[in-house]
Amino acid sequence: IRLSADPMTANYLLAPVLADFAVLYPEIEIELKLSYFLDSIAKDETDVSIRHVLAVEEDAVGRKLFPLSLGVFAARRYIYAELPNAGAKGKGLTWIGYGEVPEMQAMIAATQFPNARVRHMVTDPQMHLHLARAGAGMTFLPNWVPSVFPEMQRVPGTHLDQRRSTWILLHGGLRRVRRARLLVDYLSAALLERRAEFIGQ
């Protein structure tokens, strides 16, 4: 079964789930593709896809699991050291930047810290996580991050963006194929167990 997912979800949440699935179903082989770009089910680029999107725009069998919360996160030591000394609207603080990405610029402008300096151009969300863990500044990350990296914390006073939802999509031609249904059911159950971490408060 061809499975596509974004690297953040796959590396930190799916690896143990897929390992357990492989033990339970040794006859099923998985071809895993990691990308932040969406593989098309309609164009037969993947069989099963885990997506965190505003809306599903292609014809596929889908399960909408729960909202995916994005928040402003930084290392605890960064928050404790820098936040008390911040000026008006975050002056003196640092955002880890994505470059000229209008959506991210709008999200920064809507926070309590629009005057914080945006530094660097880092297009990989996973590198944002590691830079933030190292104390480089604030960035937008999924709400589940502190459950894996307890040194990370949502910046006090910030709000969660819950416009996106987590979906599992299946190629329509495989809806009655046992191995595909087993994988979708297993992944759905595993992700739903962590629902509270995805949604947050």
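The mean accessible area for residues of the range 56-165, using a 1.4 Å probe and ignoring ligands and nucleic acids, is 51 Å² per residue. Of all DSSP bridge pairs formed entirely within the range 22-153, close to 60 percent run antiparallel.
Between the amide H of Arg164 and those of Leu68, distances stay under 5 Å, these residues lying 5 or more places away or on another chain, with hydrogens modeled in the peptide plane. Is the range 27-75 best put as rounded, prolate or oblate by its Cα gyration tensor, with a ≥ b ≥ c the root eigenvalues, rounded for a/c under 1.5, and otherwise prolate when a/b is larger than b/c, oblate when not? Note, shape of the range 27-75 comes out prolate.
Computed from the C-beta positions of Ala109 and Arg164, the FRET efficiency with R₀ = 22 Å rounds to 0.70. Counting only GluC sites (Glu not before Pro) that DSSP places in a loop and that have at most 10 other Cβ atoms within 10 Å, the longest clean stretch of the chain runs over 101-192.
Once neighbouring chains are kept in place and the probe is 1.4 Å, which whole percent of the accessible area of the range 83-201 is contributed by carbon and sulfur? Don't skip to the end; give the middle numbers.
Details: 3290 of 6210 Å².
Looking at the range 83-201 in its full context, I get 53 percent from C and S.
Cβ-Cβ distance of Leu32 and Ala55, R₀ of 22 Å, FRET efficiency by 1/(1 + (r/R0)^6): the value works out to about 0.35. Computed from the alpha carbon positions, the gyration tensor of the chain leads to an equivalent ellipsoid with semi-axes of 35, 17, 14 Å, biggest first. Distance from the Cα centroid of the range 1-76 to that of the range 136-189 is 8 Å (rounded to whole angstrom). Segment Asn11..Glu100, full-extension length gain: 29.4 nm, with 0.36 nm per residue of separation and the alpha-carbon distance subtracted.
Between Arg119 and Ala196, the simple spin-label model (points 7 angstrom out along Cα→Cβ) gives 3.6 nm.
The values are calculated or read from the model by the stated rules, or taken from the named source; none is laboratory data. Note that the structure is predicted; figures quoted are calculated from it, not measured. Cβ sites come from the backbone with ideal geometry, for glycine too, and all protein chains shown count toward neighbours. With ligands, DNA and RNA removed, areas are computed over all heavy atoms of the protein, side chains included. Shrake-Rupley method; radii C 1.70, N 1.55, O 1.52, S 1.80 Å.
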